[in-house]
Structures are given as structure tokens and as C-alpha cells.
Amino acid sequence: MSSFDNVLYHHINVNADKQDALADSKRFLDLYYSADYTQARLESWLTYGSPRECVEQIKGYKASGCRRITFRISTMGDQMAQFRRVIEDVLPYVD
């Protein structure tokens, strides 16, 4: 088993206002899955907040042994803008 790779499927929303990021992702995920997710469920399934907060959350997964992460951008807003924030403001600072 130690030779098996691992991948985390995880949602992300980068926003200077952490509560706005959480609310935006909740709207997106609730609508997409026809659900009403609790904050606890969302927090276990989502990296969110400022770029710095997202970097720290991702570093935690890396430190626990996660080798790769597939991110799903979870926003009701401009997904390309979120994508740019992830690749420009978050990922370069994870290593």
C-alpha cells in the first residue's frame, strides 16, 4: 500500500473575506447538489478565505501526507477569476 499514490478532491474559494467565501461556496454547493450543507460539512470539504489562509490550509494537507490535490472551484461568481487567484495567489506559495 505504501507505493500507492493519493489524491484529495477538495473545493476551494479564494476571497479576502472568509465569511463571504464560505457563503459563496455554500450557495454553489447547495445548488449543485440540491442540499443544505452545514458549516461543519463545508469546512471539511472546502479550503476558503484569503490567499494566505488557503495556503496554510493546503500546507496542512501536504504535511499530513497528501501528495496531490484536485481542486474544484466552488463559486457562484467568476470561475476564471477564481482560477487565476488559485494559480497566482495561492499555489506558488504552497511549497
Go through the range 2-82 and name the chymotrypsin sites (Phe, Trp or Tyr not before Pro) that are in a DSSP coil and have 12 or fewer other Cβ atoms within 10 Å of their Cβ.
PHE4
Computed from the coordinates I sent, Cα extents along the principal axes in Å equals one of (1) 38, 28, 21; (2) 68, 22, 17; (3) 50, 34, 17. Tell me the label.
(1)
Per the helix-only calculation at 222 nm, which mean residue ellipticity applies to the chain, given -39500 (n - 2.57) for every DSSP H run of n ≥ 4 and division by its residues, nearest 500 deg cm²/dmol?
-13500 deg cm²/dmol
Between the Cα axis of helix 51-63 and the main Cα principal axis of the chain, the angle (0 to 90°, nearest 10) is 40 degrees
Compute the long axis of helix 18-33 from its Cα atoms, compare it with the longest principal axis of the Cα atoms of the chain, and write down the angle in degrees, 0 to 90, nearest 10.
90 degrees
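Coordinate-derived values only; no laboratory data. Keep in mind that what you see is a predicted model, and the values were worked out from it rather than measured. Positions of Cβ are backbone-derived with ideal geometry, glycine not excepted, and every protein chain shown enters the neighbour counts.
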